[in-house]
Structures are given as C-alpha cells and as structure tokens.
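Below is one structure, written out as structure tokens; the observations come after it.
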Amino acid sequence: MSTGFRRSRRGLRITLSADETMIIRTLMEQLLEILGELPRGDPGLAELGISENREAPRDPVLARLFPDGYRDDAEAAVEFRRYTESALRDGKREAAEMVLATVREPGDITLDDDQARAWLRALNDVRLALGTRLEITEESYERMDDLDWDDPKFPMYSMYDWLTFLQESLVRAMN
C-alpha cells in the first residue's frame with residue numbers, strides 16, 4: 001500500500017501498486033462518466049460558458065458536486081447555475097483527465113504543482129461522490145470502526161478511507 005505523497009526535488013511523488021493504479025483509474029473514469037456532458041443549449045451562450053440548464057441535478061452525487069449557490073433564493077440559484085455549472089463541470093472533467101494522464105502505470109509518479117492541484121480537486125470530487133453514495137456523516141467514522149469485514153459496504157468504506165489518506169498526504173506534501 002502506498003505511503004502517500006511526499007515532496008522531492010523534482011515535485012510531489014507517490015508510489016502506487018498495480019491495484020492502487022487500477023482503483024484510481026477506475027474511479028476517475030467513473031467520475032468522468034458521472035459528470036457526462038452538460039446540455040449546452042444556445043451555442044452562442046455556450047461559447048461564453050453560459051448554460052441554459054436551470055435545474056438542480058436530481059442525482060444526489062451531481063447535486064453534491066454542483067450544489068445550489070443560493071439555498072434561500074431559488075431565482076438567484078438558477079442564475080448562479082446558468083453562469084457557473086458549465087465551467088465547474090469542465091474543471092472537474094479536466095482534473096480527472098489530468099489524473100488519468102499521470103497515472104498510467106504502477107510505480108513512481110511525480111507531479112508538478114499544476115498536476116498536484118488537479119489531483120487534489122479530482123480526489124476531492126471522487127471522495128464527495130463516494131461519500132454521498134455511502135451517506136457518510138460525522139457519525140459514519142464511528143460506524144466504520146465497528147464495520148464487519150463481511151459487510152458488503154466494507155470495501156467501499158475502505159476505499160473512501162484510503163482516498164482520504166491520499167488527499168491528506170497530498171495536502172501535507174503541497175505545504
């Protein structure tokens with residue numbers, strides 16, 4: 001198992017096993033699938049990054065990745081979504097693609113600062129998605145300690161915990 005990210009003279013380094021490489025690649029591919037394509041509507045508006053999408057996502061994961069900008073003002077939330085969701089979606093997609101571009105094979109990976117920031121964003125998005133599906137709360141950590149190895153959710157909770165470790169080690173190495 002990886003010992004996490006560490007700073008070196010050449011950048012931020014991590015060593016990933018074949019299993020870890022496969023897991024990260026699979027999670028990033030799933031994130032890209034979840035993100036999908038935003039309906040663009042008017043091509044002139046789309047060029048400006050403005051979407052005609054006015055609806056909050058029905059999928060709880062997408063709702064978590066693209067929350068309303070204003071919870072107490074539905075009209076402002078719609079306008080906020082129109083002007084920001086397209087760029088946010090593109091940024092999330094670019095970050096996941098950067099991870100996929102840098103984690104092709106098991107072994108040592110060295111990231112520059114831009115790549116590290118992309119990894120941080122993508123790891124956060126994957127953790128948000130997984131945490132939403134698992135309904136992670138503050139109390140969940142207590143339940144995780146008591147979770148039986150035979151529980152069908154155990155591997156997913158373990159993956160969430162590992163992603164948390166990776167994200168934390170990356171933040172520490174960046175500072």
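We did not get these values from a lab; they are worked out from the coordinates using the rules stated. What you see is a predicted model; the values in this text were computed from it and never measured. Positions of Cβ are backbone-derived with ideal geometry, glycine not excepted, and every protein chain shown enters the neighbour counts.
Of note:
- Based on C-alpha pairs under 8 angstrom that are at least 6 apart in sequence, the chain has a relative contact order of 30 percent.
- Based on DSSP H segments of at least four residues, each scored -39500 (n - 2.57), the chain has a per-residue ellipticity at 222 nm of -20500 deg cm²/dmol.
- A convex hull fitted around the alpha carbon atoms of the chain yields 141 Å³ per residue.
- On Cα atoms only, tilt of 74-102 relative to the major axis of the chain in degrees: 30 degrees
- Residues ASP90 and LEU134, FRET efficiency given R0 of 25 Å [Cβ-Cβ distance, rounded to 0.05]: 0.40
- Approximating the spin labels as points 7 Å out from Cα along Cα→Cβ, the MET156-to-ARG10 distance works out to 3.8 nm.
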